[in-house]
Structures are given as C-alpha cells and as structure tokens.
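Chemist: Let me give you the structure first, and then I'll get to my questions.
The values are calculated or read from the model by the stated rules, or taken from the named source; none is laboratory data. Every value quoted in this text rests on a predicted model; they were computed, and no experiment measured them. Positions of Cβ are generated from backbone atoms using ideal geometry, with glycine treated the same way; all protein chains shown enter the neighbour counts. These accessible areas exclude ligands, DNA and RNA; they are computed on the full protein's heavy atoms, side chains included. Shrake-Rupley method; radii C 1.70, N 1.55, O 1.52, S 1.80 Å.
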Amino acid sequence: MLMQFQLKPRREEKIISYIWAFLIGGLICGLAQLVLDHTNLTPAHVLVGLTMLGAILTGLGLYQPIVDLAGAGAVVPVSGFGNAITTGMINEAKRLGWIGLFTGAFEFTGLGVTAAIIFGFIFAVLSVPKD
Amino acid sequence: MADKLRGIQSVQFINPPVIIGVGTIVGPKEAAGPIGDRFHQVIPDYLYGEDTPEQAETKILKEAIELALKNGNIAPSAVQFLLAGDLLNQIVSSGFAARQLGIAFLGIYGACSTIAEGLSIGSMIIDGGFADNIVVGASSHYQSAERQYRYPIELNIQHKATSQWTVTGAGAAVIASGGQGPRVTTATIGKVMDMGTKNPNEMGPAMAPAAADTFIRHLQDLGRSPEYYDLILTGDLGNVGKQLFLTLVKKNGITLNKYDDCGVIIFDKGQRSGAGGSGCACAATVTFGHAFKELEAGNLKKILLVATGALLSPLTYQQGESIPGIAHAVSIET
Amino acid sequence: MPNKKLTEPQKEYQKLVKQKRPRVPVVRNFIASFMVGGLICVIGQIVMNYFMEGGFSQKEAIAPTLASMIFIGALLTGLRIYDEIGEFAGAGAAVPITGFSNTVVSAAMDFKREGFVLGMGSKMFLIAGPVLVFGILTGFVVAIIKVFLVG
C-alpha cells in the first residue's frame, strides 16, 4: 500500500506538478523572449546561451533544485539540455576519471539527439515544407 | 560626346523605347493581397508542379517572359537580347530560364532593384541603336529566398515587425525601338549607399538612403520637380523604409503627395508580411501589373519607378558587415 | 575589413531609424511566450507523470519524456503547424525541446532537396548543431572544474 503511494503520484500532487511546470517552464521561455526582443540576437544565439546557462547552473549545483521543484518545467526547456549534458559528464568523470569527460555528454542526451535524427529523417521523407 | 547624358547619373532617351508587352505572374499570397487582381497570372502553390522552389522560380520567370512576348505580339526569334536577374546565388533562376528560351542572355544583378537595372540598360541598348527588341525580367520566390538568406521554411521563427516578406512571382517586359505602348523616357543609375544598417531584418531602413539619393539625383539631373509625375513608386522599402524615405527627401525640401511603395501596396496588414513585400518580383510585378493597368486605363500618364536593392549576402552580415543599398530610377510615360 | 565603426552621418541616420522603428510588443510577446512555453512544459509533465506511474523514478522518466516531446515537435513540424506556433509564441515555441526537434526536422525537410547525404544529412543540425557544440563545450569546462579542480 505504501509502495503504491510512492510510485503513483496522487491527484493533488499531479496538479501541483503541472502548476510548477507551467510557471517555471513559462518563465524560462518568457525571459528568453525578453532577451530576443531587447537585443539583435537571433533565436539560435538565445538557444545556445540558454543551453550554456543550464550547464553552468548545473555546475553550481543550482539546476537540480529547479528540476526537483518544476519537473518538466526545468527539463523540457533547452536549458535542461545543458543540464543533461553536464550532469552526464560529471557523473561519468566521477566514475571513470578523465575518460568520463568524453563519454558523459551523451549519457542522458543521446536519446534525444537520436530521436531528433530518426524523426527528422522520417518527416523529411514524408512531408514537404509549405510556408 | 554623350548627348543623352543628363547631369551626373541620368540619361534621357532621344527615341524613347516602347514597352510593347508586359507579363506578370504571382503566387497565391500576392493574389490574395489588395492588388491581387492586377496581375496577369496566378500560380496555385509555391512549387507550381516542380520539385523544388528554385525550379518553380525558373518556371515562373520563363512563363512571365513568354507572357510578355505574347502580349507584345512578338516571337522569341525577333528578340535580340534577354536581360534578367534574380536573388539566388549566381542568378540561377534567370540563367536556367534563359536556357529554355533560346534568346541571347545578359545576366544582371541589382538585388531587388534588378528590374529597373534591366529597363535602364535595355533602353540604352535600344536607344543606342544596338537592338530593336529586348526582353527584361526579374523574379523572386519566398521559399527559395528564405532557404538562401534565412532559415528552413518550417522553422519556428517569430517575424519582426520590420522584416519583409519576399514576393513570389516574376515580371517581364518587352521593350522595342517602335510600336504602341508606354515609353521609357529617362533613367537614373544609383550609387551604392551604406548608412550603417546591420540588421538583416531591416532591409527597408538599409535601402531608404539609396532610394532618396537616387530620387533626388534624378530630379536634379533632369531639372524636374516631383509634380512632374502622376505616381512615384519605390521598390520594396516597406512601411518602415517608406517613412524613412519620406523623412530623407523632406530634409531636402521635397514633399511627396503622389508616392507609394510597391512593398507596401502588394500586401495587407493582416497578411503576416511584417513591414511589407520585398524581392525582385515586388517592384517588377507591381510596376508591370498594377501600375501598367493604370497607365493603360489612362489614370496615370507619367510614373517614376525607384526600384531598391540590398546588396548583402548571408556571408557578409555574418562577418559583421553593414548592408549596402542601391536604387535605380526609371521614368515611364504614355 | 568590415566597416565596423560608423561615421557621423551613419550614426545620425541610425538615430532616425530608431525613431521610425515600430515598437516591439514586448508585453504581448512575453505573455504569449510564457503561456505557450508553460503549456508545452505542462504537456511534458503529463507525459512524465505517465512514465512515473509506470514505475520510473523522476530521473529515469526524463529520457522517455524528452523522446516523446521530440516526437510531438517532429510531428507538428511534419504537419507544418509548428512554424505557426513559433510565429505566435516566439521563444515559447523555440526554447522547449519540441523547438529543438523542430529545428532538426524543418532543416531535414528543407534540405533533402539537395540530396539525402549532402543536403539532409549535412544540414540537419544547421540550428541544433550550435546548441550541441556549445552545450558540450560548456559542460566540459564545468565538469573539469567541478570534478577535478573543486573536487
């Protein structure tokens, strides 16, 4: 009974998780929009900047608390990608030493990159750009 | 002695070449715009039965040229030279269209000002006595331009209010030493002007100084006042560039009443086109479609086209260069 | 050499441009970005909760969640809807992983015309590439400092 409670989030917990995901995820996107609107940076620059910010906050130990609070709200934005790269590198480096710096980057992100390539190929075959 | 040179940068034709036939083709978005019924032909979609937007652009340009020949009632074999240009690297749309037309070809490039460059050079060749019939054309295509200058079509991009939408289409005209139709009377070749605009989303502001410079030069060289014309049309300055152009000419003591911009009139505000249309086809289709219908109907008698171009490439702005602009003016009178 | 320094007339003209430039609807853009970005993250959370109900820990649920979101982004791109969401929401569509997926899929769709190897294959990571490159470079430096220098 107790086990089941831990595994299955209850209804209220779920609703709270949605609220935090919305607030934190929305805030990250909103702040990125402010940067876009107040500078001449391209979206590519902003995405790169956010990824780097996620990596740095991870190093400072500040990103995991955001993930604990906001769940997908911190994982889904591209800053979560920087977090995943860095976390993988740190974990592997702790486990394997210097080699881990080179094997760790794709530990958590390999799946995302692979998925993007596979789906990219499938839709490139199936679909044609419109406007 | 250059007896047709006027002032510093202008020419006046002694036997003004006649525009005996025009042809314009636009895409569905342009056809849905405020002057959508003023073009000769509308293509149903961006690919127009081809595999790629580049092939579609070639086809549109070729067919616009054929339309102009048909409307001018002249066979391709009677045309000496084809002068055409577009926005793609190595002006491939024009070269590939010429491949199928079998007319001796001079490729020209003035970015979105290309059609005015073609009309100027073509008229000089005719008035110089080097040819009897010349066809000029220019094309652009939203998708091929996006692919070359910006991003993939389906990429999530929020367009800025200053950015402009490349017109899909082509415009062509047959100019001849004789016949019936409006005449190209003068031309002013513009200087490249760079006033330090660096943002590729701000083409209008990058080109407005060149438009103002060429326009003022034109009036001075020919001793004309703006009132001489029933309509003055800039090429593709868009809403923002148009305001800047008006401000710049006002600084020179000129107020314009009968002025508009092809990029502004081709799209509605609601058409998600930012500050307006752009591309070689913008000035070409609005002039040979919309303005020519007005000339034919007698609503207009004298128009001045000041077609504008931004002479940048993705490489130059990525290297931090500012955007040079150019404008050529051509007067057309009935 | 690029003309990086503006002359006086250029500076004066740029001042004029600044006056005539339409005002960016900053508040509207922020709200649209916040709402859409937040909503995409909520969808991510729904997926994540689904995997957690299936017995995954939060950490284990992250990878399949991201894969699902990448699929959703790819599907909406293939259906030619995602660019419209981007037009409306700006960073709200670009920043979530669905936007990352969109950059890859849209480039793949566009450049397959230049062939699968030289077109699609080489240009797929046109926009996503820099994200990977700088993510890894930054992560590398951070991990060195964290693991080997700070300990």
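Chemist: Exactly one of (1) at the interface with chain C (Cβ under 7 Å from one of its Cβ atoms); (2) within 24 Å of A:ILE16 (Cβ to Cβ) is unmet by A:LEU57. Its number?
Modeler: Unmet condition: (1).
Chemist: Need the failing condition index for A:ALA74 against (1) closer than 19 Å to C:GLY37 by Cα; (2) within 9 Å of chain C (Cβ to nearest Cβ); (3) open to solvent by 20 Å² or more (accessible area, probe 1.4 Å), just the number.
Modeler: The single condition A:ALA74 does not satisfy is (3).
Chemist: Name the helices (runs of 4 or more DSSP H) wholly inside region A:35-131 in which the number of residues that are modelled with pLDDT of 95 or more and within 30 Å of C:LYS18 (Cβ to Cβ) is 1 or more.
Modeler: Where helices (runs of 4 or more DSSP H) fall fully within region A:35-131 and carry at least 1 residues being modelled with pLDDT of 95 or more and within 30 Å of C:LYS18 (Cβ to Cβ), they are A:43-59.
Chemist: Of the residues in region C:38-82, how many are in contact with a Pro (Cβ under 6 Å, 6 or more places away or on another chain) and either of a type in the set (Ser, Thr, Tyr) or closer than 23 Å to A:LEU31 by Cα (or both)?
Modeler: 1
Chemist: Kindly provide the set of residues from region B:112-128 that are surrounded by fewer than 24 Cβ atoms within 10 Å (Cβ to Cβ) and either under 18 Å from the mean Cα position of the chain (by Cα) or free of Cβ contacts under 8 Å to residues at least 24 places away in the same chain (or both), ordered by number.
Modeler: B:ILE121, B:MET124, B:GLY128
Chemist: Additional query: The conditions are (1) among the β-branched types (Val, Ile, Thr); (2) open to solvent by 20 Å² or more (accessible area, probe 1.4 Å); (3) closer than 20 Å to B:GLU117 by Cβ, and B:ILE60 fails exactly one of them. Which is it?
Modeler: Every listed condition holds for B:ILE60 apart from (2).
Chemist: What pairs come out if I take residues in region B:310-325 that are within 8 Å of chain C (Cβ to nearest Cβ) and in contact (Cβ under 8 Å) with a residue 24 or more places away in the chain and pair them with residues that are part of a helix (DSSP H, G or I) and surrounded by 15 or more Cβ atoms within 10 Å (Cβ to Cβ) whose C-beta lies under 9 Å away, six or more apart or interchain?
Modeler: That search, which allows pairs on different chains as well, returns B:SER322/B:ALA206; B:SER322/B:THR316; B:SER322/C:GLN10.
Chemist: Sticking with this one: Can you find a residue that is of a type in the set (Phe, Trp, Tyr) and surrounded by fewer than 23 Cβ atoms within 10 Å (Cβ to Cβ) anywhere in region A:55-64?
Modeler: Within region A:55-64, not a single residue is of a type in the set (Phe, Trp, Tyr) and surrounded by fewer than 23 Cβ atoms within 10 Å (Cβ to Cβ).
Chemist: Of the conditions (1) farther than 24 Å from B:GLY23 by Cα; (2) open to solvent by 10 Å² or more (accessible area, probe 1.4 Å); (3) within 14 Å of another protein chain (Cβ to nearest Cβ), B:VAL249 fails just one. Which one is it?
Modeler: (2)
Chemist: Out of all the residues in region B:132-142, which are over 10 Å from B:LEU83 (Cβ atoms) and crowded, with 18+ Cβ neighbours inside 10 Å?
Modeler: B:ASN133, B:SER139, B:SER140, B:HIS141, B:TYR142
Chemist: Just one of the numbered conditions (1) closer than 25 Å to B:ALA138 by Cα; (2) not in a helix (DSSP H, G or I) is not true of B:LYS198; which one?
Modeler: Going through the list (1) closer than 25 Å to B:ALA138 by Cα; (2) not in a helix (DSSP H, G or I), B:LYS198 breaks only (1).
Chemist: If you don't mind, another one. For B:SER10, which of the numbered conditions (1) over 20 Å from the mean Cα position of the chain (by Cα); (2) over 30 Å from C:ARG113 (Cα atoms); (3) open to solvent by less than 40 Å² (accessible area, probe 1.4 Å) fails to hold?
Modeler: Answer for B:SER10: the failing condition is (1).
Chemist: If I ask for residues that are of a type in the set (A, V, I, L, M) and touching a Ser or Thr at 6+ places or on another chain (Cβ under 9 Å), which ones from region A:97-130 would you list?
Modeler: Within region A:97-130, A:ALA105, A:ALA115, A:ALA116 meet the criteria.
Chemist: Which members of region C:1-38 meet the condition of being without any contact (Cβ under 8 Å) to a residue 24 or more places away in the chain, of a type in the set (A, V, I, L, M) and either facing chain A (nearest Cβ under 7 Å) or surrounded by fewer than 13 Cβ atoms within 10 Å (Cβ to Cβ) (or both)?
Modeler: Selection gives C:MET1, C:VAL24, C:VAL26, C:VAL27.
Chemist: What pairs can you find where one residue is in region C:129-151 and at the interface with another protein chain (Cβ under 7 Å from one of its Cβ atoms), the other is assigned to a helix (DSSP H, G or I) and charged (D, E, K, R), and their Cβ atoms are less than 6 Å apart, with a gap of 6+ or different chains?
Modeler: C:VAL147/A:LYS94
Chemist: Now for a different question. Filter region C:40-77 down to residues that are among the hydrophobic types (A, V, I, L, M, F, W, C) and either more than 19 Å from the chain's Cα centre (by Cα) or more than 7 Å from every other protein chain (Cβ to nearest Cβ) (or both), then give me how many there are.
Modeler: Final tally of qualifying residues: 11.
Residues checked against (1) more than 17 Å from the chain's Cα centre (by Cα); (2) buried (at least 24 other Cβ atoms within 10 Å of the Cβ); (3) hydroxyl-bearing (Ser, Thr, Tyr):
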| residue | (1), (2), (3) |
| --- | --- |
| B:ILE266 | no, yes, no |
| B:GLY270 | yes, no, no |
| B:GLY279 | no, yes, no |
| B:HIS290 | no, no, no |
| B:LEU300 | yes, no, no |
| B:PRO314 | yes, no, no |
| B:GLN318 | yes, no, no |
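Chemist: I need every pair where a residue in region B:206-221 that is within 14 Å of chain C (Cβ to nearest Cβ) and in contact (Cβ under 8 Å) with a residue 40 or more places away in the chain has its Cβ under 6 Å from the Cβ of a residue that is part of a helix (DSSP H, G or I) and open to solvent by 10 Å² or more (accessible area, probe 1.4 Å), sequence separation at least 6 or different chains.
Modeler: B:ALA212/B:LEU248
Chemist: Residues being buried (at least 21 other Cβ atoms within 10 Å of the Cβ), over 16 Å from the mean Cα position of the chain (by Cα) and facing chain B (nearest Cβ under 9 Å): count how many of those fall in region C:78-123.
Modeler: Adding up the residues that qualify gives 4.
Chemist: List the helices (runs of 4 or more DSSP H) inside region B:54-158, counting only whole elements, that have at least 1 residues being over 30 Å from C:ALA93 (Cα atoms) and in contact with a strand residue (DSSP E or B) (Cβ under 8 Å, 6 or more places away or on another chain).
Modeler: By residue number, B:92-101, B:114-127.
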